[in-house]
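Written below as structure tokens is the structure these notes are about.
None of the figures in this text is laboratory data; all of them are computed from the coordinates on show. As the structure is a computational prediction, the values presented were derived from the model and not from experiment. Here Cβ is always computed from backbone atoms with ideal geometry, including for glycine, and neighbour counts include all displayed protein chains.
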Amino acid sequence: MFKWRENFSCNIKEVDKQHKYLFQLGENLHNIIKTKDGLDHYDEIMAIFKELEEYTIYHFDYEERLMEKYNVSDIEAHKEEHNLFVERIKEIQSQDVDLRQDKVVMDTLMFIADWIEKHILKSDHKYKDFLNEKGVY
Ligand SMILES: [Fe+2]
Ligand SMILES: [Fe+2]
């Protein structure tokens, strides 16, 4: 479901590495419900949500500092998108996950897929050429 392709690349090594990690988290989450083994996966699901939360902190921080360092335009709008992602992850974690594990996981997978398309492929890709031209790879 979350297969990395070269067109996802921002051509900046550390950013790509961090984005790939989000794909990995999405894939891990997908694997949990894909098995349909009827077992309880609450702990595994919550562990991934925790990792997602940590991811948002260091990845967004890394990206925003990089953008600030090189004075990329529209930083504020970009930060706003990051904030919305953080809020959504908090919301996801604060629901009653236990009784509706499959539903919550499916919603989260859709949210991540949507994020990849709308944020990584659009907003993140906007700074790609600019930073590459500044020698950031
Ligand atoms: Fe990003
Ligand atoms: Fe971003």
Reachable aspartates and glutamates from K36, criterion Cα separation under 18 angstrom, eight or more residues apart if same chain
E27, E44, D98, D102, D107
Given the candidates Y70, L99, N31, the one whose Cα lies deepest towards the positive end of the charge dipole of the chain, counting +1 at each Lys or Arg C-beta and -1 at each Asp or Glu C-beta, is Y70
Residues of type lysines that K17 reaches as a straight line, Cα spacing below 26 Å, ignoring anything fewer than 8 places off in the same chain:
K3, K34, K50, K69, K79, K90, K118, K122, K126, K128, K134
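Divide by every residue of the chain the summed helix terms, -39500 (n - 2.57) for each DSSP H run of at least 4, and state the resulting mean residue ellipticity at 222 nm, rounded to the nearest 500 deg cm²/dmol. Intermediate results must be reported in sequence, preceding the final value.
On the way: 5 runs with 94 residues, N = 137.
One gets -23500 deg cm²/dmol as the mean residue ellipticity at 222 nm.
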Compute the acute angle (0 to 90°) between the alpha-carbon long axis of helix 75-94 and the principal axis of greatest extent of the alpha-carbon atoms of the chain; round to the nearest 10°.
10
Unit-weight point scatterers at every alpha-carbon of the stretch 9-133, Debye formula, q = 0.20 1/Å: log10 I(q)/I(0) is -1.11
